[in-house]
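Here's the structure, in structure tokens; my notes come after.
The values are calculated or read from the model by the stated rules, or taken from the named source; none is laboratory data. Note that the structure is predicted; figures quoted are calculated from it, not measured. Backbone-built Cβ (ideal geometry, glycine too); neighbour counts: all protein chains shown. For accessibility, only protein heavy atoms count, side chains too; no ligands or nucleic acids. Shrake-Rupley method; radii C 1.70, N 1.55, O 1.52, S 1.80 Å.
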Amino acid sequence: MQTEGSFADEMNFYKLFWIFVIGCFLGVVIETLWCIFRYHKLESRKGLVWGPFNLVYGFGALAMTLGLYPIRDCRDLLIFAAGSVIGGVFEYLCSVVQEKLTGTVSWDYRDFPLNLHGRINLLYCFFWGILALLWVKDLFPNMTSLIEKIPSSAGVPLTWLGILFFVVDSILSALVVYRMNARCSGSAKTSRYWKMIDSRYPDEKVKRIYPNMQFGVHRKAKHEEEKIPCT
């Protein structure tokens, strides 16, 4: 009797999607543990309103995978250097996109030495390099092995259900952040739809989900003169 093959034997769309999902989850877990260790408190580190997921880490996992997979057999120093660059560029671009699209900021490194526009700093690029080594040598091989054990009959429909979930979750999260920003700036329009968002995601709830997000921030302003409402 022929055994059903995996839906993700190769580096295909299905495997990349589940790497994205695992990255979204693991990133939240790791940053939550870091917050407990560094600041001695439990705080939300997720990026979506539904579930313990953060798109930044998911796309970061994809960037690491696609960027480092071709050099996975190279020397550790090259992998470390490539990971530092990939991680730094990715984090910088995420900061720019978030600020331009939503008018919010989730991290600001201007108090760190050797930072670039407060969006990245040398220390965290170093951490990206260490993560790259861990990813290539340990996390990715184990992760891909687990994904390949899923049979096609389950993997394919679960992938498309997962895509639908993340699309809806991402759109809702963007609307919640947009509405919170509008309330902070005093430009919130009233409608039945927005009233529903306001009732289900009031300021207090949004602040619990995104405790480090600053609304109405523009990095062009001087650091000491920035006005950050609703924080």
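Within the stretch 195-205, which residues are touching a residue at least 24 places away in the same chain (Cβ under 8 Å) and surrounded by fewer than 16 Cβ atoms within 10 Å (Cβ to Cβ)?
Selection gives Asp203 alone.
Thr65 meets each of the listed conditions (1) more than 30 Å from Ala8 (Cβ to Cβ); (2) open to solvent by less than 20 Å² (accessible area, probe 1.4 Å) apart from (1). Residues of the stretch 77-91 that are more than 14 Å from Phe126 (Cβ to Cβ) and open to solvent by 70 Å² or more (accessible area, probe 1.4 Å): Leu78, Val89. Filtered by the rule that a residue be aliphatic (A, V, I, L, M) and crowded, with 18+ Cβ neighbours inside 10 Å, the stretch 5-21 gives Ala8, Ile19, Val21. If Leu55 passes every condition in (1) of a type outside the set (Ser, Thr, Tyr); (2) open to solvent by less than 40 Å² (accessible area, probe 1.4 Å); (3) in contact (Cβ under 8 Å) with a residue 60 or more places away in the chain but one, which one does it miss? The single condition Leu55 does not satisfy is (2). For beta carbons closer than 7 Å, sequence separation of 6+ or different chains, a first residue in the stretch 30-47 that is farther than 21 Å from Leu139 by Cβ and part of a helix (DSSP H, G or I) and a second that is at pLDDT below 90 and open to solvent by less than 100 Å² (accessible area, probe 1.4 Å), there are no qualifying pairs. For the residues Arg183, Arg192, Arg208, the requirement of being open to solvent by 50 Å² or more (accessible area, probe 1.4 Å), modelled with pLDDT of 90 or more, farther than 23 Å from Glu91 by Cβ and among the basic types (Lys, Arg) singles out Arg208. Out of everything in the stretch 113-134 that is assigned to a loop (DSSP other than H, G, I, E, B) and without any contact (Cβ under 8 Å) to a residue 24 or more places away in the chain, what residue ends up being farthest from Asp73 (Cα to Cα)? Once the filter is applied, the top-ranked residue is Pro113.
Go through the stretch 32-51 and give me each residue that's open to solvent by 50 Å² or more (accessible area, probe 1.4 Å) and either over 30 Å from Pro157 (Cβ atoms) or of a type in the set (Gly, Ala, Ser) (or both). If the condition is that a residue be open to solvent by 50 Å² or more (accessible area, probe 1.4 Å) and either over 30 Å from Pro157 (Cβ atoms) or of a type in the set (Gly, Ala, Ser) (or both), then Leu33, Trp34, Ile36, Phe37, Arg38, Tyr39, His40, Lys41, Leu42 are the ones that fit.
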